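Down below is the structure, laid out as structure tokens.
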Amino acid sequence: LPVDKPFRMPVQDVYKFTQYGDSRRIIAGTIQTGSVRVGDEIVFYPSGKKSRVKSIATFNKPLTQEALAGYATGITLNEQIYVTRGELTTRAKEPGPKVTSRLGVSLFWLGKDPMVKNKEYFLKVGAAKIPMRLEEIHRIMDASDLRLLDQKERIDRHDVAECVLKLKREAAFDLADEMPVT
């Protein structure tokens, strides 16, 4: 069950209220795994910023003390910290995600044009959209017959490639075999 896994909520948006002296910032997203309670210390990745949950709101429901996986949720914090769309919200007492700017991946290329080095692409992880480049190609396999192809300097449509991606900034994520949703 996703509720049994560590808490993960990608930050979809941050809403700021300024009318009538209201200074709340509501951090909004859909909880992918786990749960969070009022009073929990939470950490945002990749920034590493921390605060405690002051309140929890879910759409069309009264304020609650706890929110679970599967629910669109808004969180206010005791300390107003600046977090941005795309950060991954976690509970401090649970295992955190991986954070890096270089990824070793296996990918299946569906682009019409080949994936090549020295061209900028975007990696989408949750709500984060991060500029990146293809840094290295280790191995390429033809997906139609699974034979290994000679070393190439590009990844063609329908190729399966083991390669290294270099991101412009750090990304937070979980390993696919542990928590595939994040």
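The values are calculated or read from the model by the stated rules, or taken from the named source; none is laboratory data. What you are looking at is a predicted structure, and each value in this text was computed from that prediction instead of being measured. Here the Cβ positions follow ideal geometry from the backbone for every residue, glycine too, while neighbour counts run over all protein chains shown. What goes into the accessible areas is simple: the full protein's heavy atoms, side chains included, and nothing from ligands, DNA or RNA. Shrake-Rupley method; radii C 1.70, N 1.55, O 1.52, S 1.80 Å.
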Inset, instruction - Search the range 68-91 for residues being open to solvent by less than 20 Å² (accessible area, probe 1.4 Å) and polar (S, T, N, Q), and hand back the single one that is nearest to Thr18 (Cα to Cα). - result: Thr76
Inset, instruction - Scan the range 130-177 residue by residue and report those that are of a type in the set (Asp, Glu), free of Cβ contacts under 8 Å to residues at least 60 places away in the same chain and under 28 Å from Pro97 (Cβ atoms). - result: Glu135, Glu136, Glu162, Asp177
Inset, instruction - Would you point out the residue of the range 111-125, among those that are open to solvent by 90 Å² or more (accessible area, probe 1.4 Å) and modelled with pLDDT under 95, that is nearest to Asp4 (Cα to Cα)? - result: Lys124
Inset, instruction - Specify the residue that is most open to solvent (accessible area, probe 1.4 Å); the eligible residues are those in the range 126-148 that are part of a strand (DSSP E or B) and of a type in the set (D, E, K, R). - result: Lys129
Legend entry - Given (1) open to solvent by 40 Å² or more (accessible area, probe 1.4 Å); (2) over 22 Å from Thr182 (Cα atoms), index of the condition Leu1 fails: (2)
Inset, instruction - Looking only at the range 160-181, decide whether some residue is modelled with pLDDT under 95 and over 29 Å from Tyr45 (Cα atoms). - result: yes
Legend entry - Residues located in the range 4-45, provided they are surrounded by 16 or more Cβ atoms within 10 Å (Cβ to Cβ) and of a type in the set (Asp, Glu): Asp40
Legend entry - Only one of Leu63, Leu107 that is open to solvent by 20 Å² or more (accessible area, probe 1.4 Å), modelled with pLDDT under 95 and within 30 Å of Arg139 (Cβ to Cβ): Leu107
Legend entry - Tally of residues being among the acidic types (Asp, Glu) and free of Cβ contacts under 8 Å to residues at least 12 places away in the same chain across the range 5-34: 1
